[in-house]
1. Of all residues in the stretch 137-148, which are over 14 Å from Gly71 (Cβ atoms) and either outside any loop (DSSP other than H, G, I, E, B) or of a type in the set (Val, Ile, Thr) (or both)?
2. Give the residues of the stretch 106-161 that are under 15 Å from Cys84 (Cα atoms), of a type outside the set (Ser, Thr, Tyr) and in contact (Cβ under 8 Å) with a residue 60 or more places away in the chain, sorted by residue number.
3. Of the residues that make up the stretch 49-59, is at least one part of a helix (DSSP H, G or I), among the small types (Gly, Ala, Ser), under 13 Å from Gly134 (Cα atoms) and at pLDDT below 80?
4. For the stretch 73-86, enumerate the residues that are part of a loop (DSSP other than H, G, I, E, B) and at pLDDT 95 or above.
5. Please go through the stretch 152-161 and pick out each residue that is more than 8 Å from the ligand (Cβ to nearest atom) and farther than 18 Å from Phe88 by Cα.
Amino acid sequence: MTVGRGQLLQPISAERAEQVLEWVAGISRRPPAPIITTTEAPQLRRIAMRRSGRDGGGGGGAHHAAGVRDGNGIIFISHTGDICPSGFLVVPVGNVRTANVVDVYREAPLFLQLRDADSFHGRCGRCEYRWMCGGSRARACCASGGDPLAEDPLCQYGGSA
Ligand code: SF4
């Protein structure tokens with residue numbers, strides 16, 4: 001499933017994505033380790049944590065910084081002033097011409113839901129890594145036809161239980 005300006009590209013499978021992210025996690029541990037970041041692929045955190053022997057943790061507070069994703073540590077304001085969870089999750093929940101952007105980020109129901117990993121559905125909702133990963137909310141929304149809390153189809157993990 002493609003997101004944003006990638007609509008003309010062919011998506012890779014979840015299985016292939018796992019292989020790519022395993023490769024990325026591997027080279028990021030080899031000295032001199034490059035600094036690698038991913039866009040809309042927070043699953044790398046799960047793989048990196050598993051490789052380092054740490055678990056996913058259950059509480060939101062302990063992994064808040066690691067859980068940056070659409071609407072959680074990210075906000076996007078369009079050229080017309082629309083306030084959205086990210087540049088890939090372009091779901092306006094207000095406009096800077098009529099609303100305070102800080103209030104929208106803190107209090108808009110969609111932002112609150114996006115920051116509550118326990119509200120996620122499907123595999124992401126069952127996954128013990130949901131607070132520090134949480135999947136791409138933009139891809140989940142696109143793939144599900146409009147549910148930003150749906151499971152991320154690029155990841156087939158879905159928890160160890
Ligand atoms: S199932 Fe969802 S929360 Fe769990 S690792 Fe995959 S994308 Fe992340």
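1. Cys142, Ala143, Ser144
2. Within the stretch 106-161, Arg137, Ala138, Arg139, Cys142, Pro148 qualify.
3. Scanning the stretch 49-59 turns up no residue that is part of a helix (DSSP H, G or I), among the small types (Gly, Ala, Ser), under 13 Å from Gly134 (Cα atoms) and at pLDDT below 80.
4. Ile75, Ser78, His79, Thr80, Gly81, Pro85, Ser86, listed by residue number.
5. Residues satisfying the conditions are Ser160, Ala161.
To keep it simple, each residue is scored yes or no on (1) closer than 26 Å to Gln10 by Cβ; (2) near the ligand (Cβ under 8 Å from one of its atoms); (3) in a helix (DSSP H, G or I); (4) of a type in the set (Lys, Arg).
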residue	(1), (2), (3), (4)
Arg106	no, no, yes, yes
Leu112	no, no, yes, no
Gly125	no, no, yes, no
Gly135	yes, yes, no, no
Ala150	yes, no, no, no
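Residue-by-condition table, conditions (1) farther than 25 Å from Ala17 by Cα; (2) surrounded by 24 or more Cβ atoms within 10 Å (Cβ to Cβ); (3) away from the ligand (no atom under 16 Å from the Cβ):
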site: Val90; (1), (2), (3): no, no, yes
site: Arg97; (1), (2), (3): yes, no, yes
site: Ala117; (1), (2), (3): no, yes, no
site: Glu128; (1), (2), (3): no, no, no
site: Ala140; (1), (2), (3): no, yes, no
site: Asp147; (1), (2), (3): no, no, no
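The values are calculated or read from the model by the stated rules, or taken from the named source; none is laboratory data. Remember, predicted model here, so these are calculated numbers, not experimental data. Heads up, the Cβs are rebuilt from the backbone with ideal geometry, glycines too, and the neighbour counts pull from every protein chain shown.
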